[in-house]
Amino acid sequence: MSQTPNTTSRRELHARPDQEGQVTRLVIMGPQGAGKGTQAARLAEVFGIVPISTGDIFRANIAGETELGKLAQEYTNKGDLVPDEVTNDMVRDRLAEPDVKQGFILDGYPRNAAQVAELDGILAGLGWELDGVIELTADRAELLSRIAKRAQEEGRDDDTEEAITRRLDIYAEQTAPLTAAYKERNLLVQVDGLGEIAEVTDRIVASLATQLG
Ligand code: ADP
């Protein structure tokens, strides 16, 4: 079908001389299976910024059997959100690390209205503002088929049917409505997440070019 899926080369990804030296601060949102993590990693390369995935941080802590991991696991396995105090502190600490000064893309945070307010506070404290919020869209049938495939390939503990349904429900109830707030602030960029990985990246970069000016 398509000739070169996933093959945007590193050189192509880096071919953004206009972005040199720029600090870009982004959030990426989208339902489970929309390809957020994949696109966040690629965008981090394009913009020379740090990808920060709250899900990845939790998974690393669970694998390392840290206190945070033990606490988080109860929630992640069921597809529930980890309590805000825990997640907020974790994000606050991560954003204070030196590498984040070069810019960041947050994946998996904020996920509810309280986290939006918290992120505003954290960024204000650092004297920073967001430059854009990407919403990746995809229909539910496509999402379910992608997650089913990922479940087979990666064997994530929270890719059970129950936990997936729970996560998609929480996304629809608590996370999707947040895009309205970011739209009002003229930060929202909505991008269709269907298609080849490299195509979707190109689409996001093109939409962001307009947003970032
Ligand atoms: P997905 O987007 O597929 O649900 P993530 O990797 O983003 O996967 O998150 C996995 C799990 O980690 C979530 O189901 C939740 O339990 C926890 N988690 C991640 N980010 C947050 C957050 N911002 N607030 C609370 N819990 C979170």
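Every number here is computed from the coordinates shown, using simple stated rules; none is lab data. Model, not experiment: these values are computed from the prediction. Cβ atoms come from the backbone with ideal geometry, glycine included; neighbour counts cover every protein chain shown.
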Subset of segment 70-85, residues of a type in the set (A, V, I, L, M, F, W, C), part of a helix (DSSP H, G or I) and within 8 Å of the ligand (Cβ to nearest atom), comes to Ala72
Going by the structure shown, is Tyr171 within 20 Å of Thr54 (Cβ to Cβ), hydroxyl-bearing (Ser, Thr, Tyr) and part of a helix (DSSP H, G or I)?
-> yes
Output yes when any residue across segment 100-118 is away from the ligand (no atom under 15 Å from the Cβ) and within 18 Å of Asp56 (Cα to Cα), and no when none is.
-> yes
Which one of the conditions (1) among the hydrophobic types (A, V, I, L, M, F, W, C); (2) away from the ligand (no atom under 14 Å from the Cβ); (3) crowded, with 17+ Cβ neighbours inside 10 Å does Ala180 fail to meet, given that it meets all the rest?
-> (3)
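A quick yes/no check of all residues on (1) closer than 20 Å to Val27 by Cα; (2) within 18 Å of the chain's Cα centre (by Cα):
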residue: Arg111; (1), (2): yes, yes
residue: Gly125; (1), (2): yes, no
residue: Trp128; (1), (2): yes, no
residue: Glu135; (1), (2): yes, yes
residue: Glu142; (1), (2): no, no
residue: Arg146; (1), (2): no, yes
residue: Ala151; (1), (2): no, no
residue: Asp159; (1), (2): no, yes
residue: Thr165; (1), (2): no, no
If we keep just the residues of segment 42-69 that are hydroxyl-bearing (Ser, Thr, Tyr) and buried (at least 19 other Cβ atoms within 10 Å of the Cβ), which is farthest from the ligand (Cβ to nearest atom)?
-> Ser53
Closer than 19 Å to Pro110 by Cβ and either near the ligand (Cβ under 10 Å from one of its atoms) or surrounded by 16 or more Cβ atoms within 10 Å (Cβ to Cβ) (or both): does that describe Arg156?
-> no
Check segment 166-173 and report whether any residue there is without any contact (Cβ under 8 Å) to a residue 60 or more places away in the chain, on the phi < 0 side of the Ramachandran plot and surrounded by fewer than 19 Cβ atoms within 10 Å (Cβ to Cβ).
-> yes
Given the conditions (1) among the polar types (S, T, N, Q); (2) in contact with a strand residue (DSSP E or B) (Cβ under 9 Å, 6 or more places away or on another chain); (3) assigned to a helix (DSSP H, G or I), report the number of the one that Gln22 does not fulfil.
-> (3)
Scan segment 40-69 residue by residue and report those that are assigned to a helix (DSSP H, G or I) and of a type in the set (Gly, Ala, Ser).
-> Ala40, Ala41, Ala44, Gly55, Ala60, Ala63, Gly69
Selection count where residues are surrounded by 19 or more Cβ atoms within 10 Å (Cβ to Cβ) and not in a strand (DSSP E or B), scope segment 95-115 | 6
Scanning segment 16-41 residue by residue, the ones that are of a type in the set (S, T, N, Q) and within 15 Å of the ligand (Cβ to nearest atom) total 3
